[in-house]
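Chemist: I have a structure I would like to understand better, so I am pasting it below and will then ask my questions one at a time.
No lab work stands behind these numbers, since they all come straight from the coordinates. All values reported here derive from a predicted model rather than from experimental measurement. Methodologically, a virtual Cβ is constructed for each residue, glycine included, from the backbone with ideal geometry; neighbour enumeration extends over all protein chains shown.
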Amino acid sequence: MGIFNKNPRNWRVKSGQPLTEMDKRILAIQNKGHLVPTRDLIKTPEQIAGIRKAGVLNTAVLDLVAEKIHEGMSTLEIDQLVYDFTTKNGGIPAPLNYEGFPKSCCTSINEVVCHGIPDAEEILEEGDIINVDCTTIVDGYFADASRMFIIGKTTPEREKLVQVAKECMEIGAAACKPYSFVGDQAAAVTKHAHKNGFTVVRDLCGHGVGNKFHEEPDMEHYGKKGTGMLLVPGMVFTIEPMINAGGWEVFVDSEDDWTVVTDDYSDSAQWEHTYLMTEEGLEILTY
Ligand code: MF3
Ligand code: CO
Ligand code: CO
């Protein structure tokens, strides 16, 4: 229970209506002072089917990037691949014009943590590590995922950072049991990053997704067990820890007001999937 949690009564039951097993379970947790979801965060089967479809196209976009990415290519060329493939297949790239973002995906190289803007002048070099983050809208539903790519041969340090960042996402996902808290996941991610000598960015987090680009809950990746929102079956959210080789602090580049960079210019890596919480645990919707 965080100090910011004022025990909002998110889970409400209509007067006179019998309580389901789910109602009883959530109300008991809410009554202990935990933050619980509102009903609109629990997706209907129809919404899940829609998000699943967006996930299939988003995965195909990232597979195309994986196939085409190479040394000497500009990040604008990556953006053009993403835009063309997405629109030709009936999707819309969600980043384009999102809160003024000018391109169709984010391309974040080396010390860039996230939200890098594709640019014709930015050329991929041997040894670079780059995150390509794509979000696709199909029939109004959103799916969001990102991967790291290593350009040619890189250093052992960068290879380890990319690998550990992926493990952090997977370990975070494994910690997301039904009726666990966002903080249980955050604690697992934080432990794995620190064990490997890395840090977890604190100023940015994952998020609910599906009906909109960014929904509740905030999926913090740095934190303590038992804090944050309760995660119950039917919720859809991303896990996308940003892992730094140096300190956790970051800043936003004043040139474009988007690009997030590590404060000490150390390298950063991130992987992201969109997940559905089921009775058995998480299912990846962006495979
Ligand atoms: N895809 C990012 C995320 O994982 C958000 C990018 S916002 C943009 O949440 F405007 F930069 F595209
Ligand atoms: Co993303
Ligand atoms: Co995201």
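Chemist: For the ranges 204-210, 160-166, what's the packing order if you count other beta-carbon atoms within 10 Å of each residue, average per peptide, and put the highest first?
Modeler: Top of the packing list down: 204-210, 160-166.
Chemist: Just subtract the alpha-carbon distance of ALA174 and ASP253 from 0.36 nm times their residue separation and send over the number in nm, one decimal.
Modeler: 25.1 nm
Chemist: Considering only the other residues whose Cβ falls under 10 Å of the Cβ of PHE213, what net charge follows from Lys and Arg at +1 and Asp and Glu at -1?
Modeler: On the way: positive: LYS212; negative: GLU99, ASP144, GLU215.
Residues near PHE213 contribute -2 overall.
Chemist: Hey, got a sec? Which trypsin sites (Lys or Arg not before Pro) in the stretch 180-287 land in a DSSP loop and have at most 11 other Cβ atoms within 10 Å?
Modeler: Sites meeting the loop and neighbour criteria: none at all.
Chemist: For the chain, what does -39500 (n - 2.57) per DSSP helix run (n ≥ 4), summed and divided by total residues, give at 222 nm, in deg cm²/dmol to the nearest 500? Intermediate results must be reported in sequence, preceding the final value.
Modeler: On the way: 5 runs with 83 residues, N = 287.
Theoretical 222 nm ellipticity from helices: -9500 deg cm²/dmol.
Chemist: With labels modelled as points extended 7 Å from the Cα through the Cβ direction, what inter-label distance (nm, one decimal) is found for LYS88 paired with VAL56?
Modeler: With each label point 7 Å from Cα toward Cβ, the separation is 1.9 nm.
Chemist: With just the Cα atoms defining each centre, how far is the stretch 81-108 from the stretch 134-155? Give it in Å.
Modeler: Cα centres, the stretch 81-108 to the stretch 134-155: 11 Å.
Chemist: For the stretch 35-284, with only Lys/Arg (+1) and Asp/Glu (-1) charged at the beta-carbon, what is the dipole magnitude about the Cα centre, in debye rounded to 20?
Modeler: Working: 19 positive and 42 negative charges, 238 e Å.
So the dipole magnitude of the stretch 35-284 works out to roughly 1140 debye.
Chemist: Determine, for the stretch 35-284, the count of lysine pairs separated by eight or more sequence positions (or lying on different chains) whose alpha-carbon distance falls under 22 Å.
Modeler: 27
Chemist: Which residue fluctuates the most in the chain, going by a Gaussian network model with Cα springs under 10 Å, if the choices are ILE151, ILE239, ILE51?
Modeler: Answer for the Gaussian network model of the chain: ILE151.
Chemist: What FRET efficiency do you get for ASP23 and PHE213 if R0 is 35 Å and r is their Cβ-Cβ distance, rounded to the nearest 0.05?
Modeler: Between ASP23 and PHE213 the formula returns 0.75.
Chemist: What FRET efficiency, computed as 1/(1 + (r/R0)^6) with R0 = 22 Å and r the Cβ-Cβ distance, is obtained for ASP203 and LYS225, rounded to the nearest 0.05?
Modeler: On the way: r = 21 Å, r/R0 = 0.96.
Taking R0 as 22 Å, the efficiency between ASP203 and LYS225 is 0.55.
Chemist: Taking the Cα centroid of the stretch 225-287 and of the stretch 22-43, what is the distance between the two, rounded to the nearest whole Å?
Modeler: So the separation of the two Cα centres works out to 23 Å.
Chemist: Using the Cβ atoms and a cut-off under 14 Å, what net charge is assigned to the surroundings of THR59, where Lys and Arg are +1 and Asp and Glu are -1? If you can, show how the numbers build up before the last one.
Modeler: Details: positive: ARG52, LYS53, ARG147; negative: ASP63, GLU67, ASP133, ASP144, GLU272, GLU283.
Charge balance near THR59 sits at -3.
Chemist: Can you tell me what share of the DSSP beta bridges in the chain is antiparallel? A percent to the nearest 5 is fine.
Modeler: Antiparallel bridges: around 100 percent, rounded to the nearest 5.
Chemist: Looking at the stretch 1-73, which trypsin sites (Lys or Arg not before Pro) are DSSP coil and have at most 16 other C-beta atoms within 10 Å of their C-beta?
Modeler: Passing sites in the stretch 1-73 are LYS6, ARG9, ARG12, LYS14, LYS32.
Chemist: Still on this structure: Report Rg (one decimal) and Dmax (nearest whole number) for the stretch 184-237, counting Cα atoms only, units Å.
Modeler: Over the stretch 184-237's Cα set, Rg and Dmax evaluate to 12.1, 37 Å.
Chemist: Can you give the longest stretch of the chain with no exposed loop site, where a site means GluC sites (Glu not before Pro) in a DSSP loop (not H, G, I, E or B) with at most 14 other C-beta atoms within 10 Å?
Modeler: 127-248
Chemist: Per residue, how much space in cubic angstrom lies within the convex hull of the C-alpha atoms of the chain? Please report the intermediate quantities before stating the final value.
Modeler: On the way: hull volume 36.5 nm³, N = 287.
Enclosed volume per residue, from the Cα hull, is 127 Å³.
Chemist: Quick check: net charge around ASP133, other residues with Cβ under 10 Å of its Cβ, Lys/Arg +1 and Asp/Glu -1? Walk me through the numbers before you get to the answer.
Modeler: Numbers: positive: ARG147; negative: ASP144, GLU240, GLU272.
Net charge around ASP133: -2.
Chemist: Kirkwood Rh over Cα pairs of the stretch 1-100 into Stokes-Einstein at 25 °C, 0.890 mPa s: D in µm²/s? Intermediate results must be reported in sequence, preceding the final value.
Modeler: Working: Rh = 17.7 Å.
Reported coefficient: 139 µm²/s.
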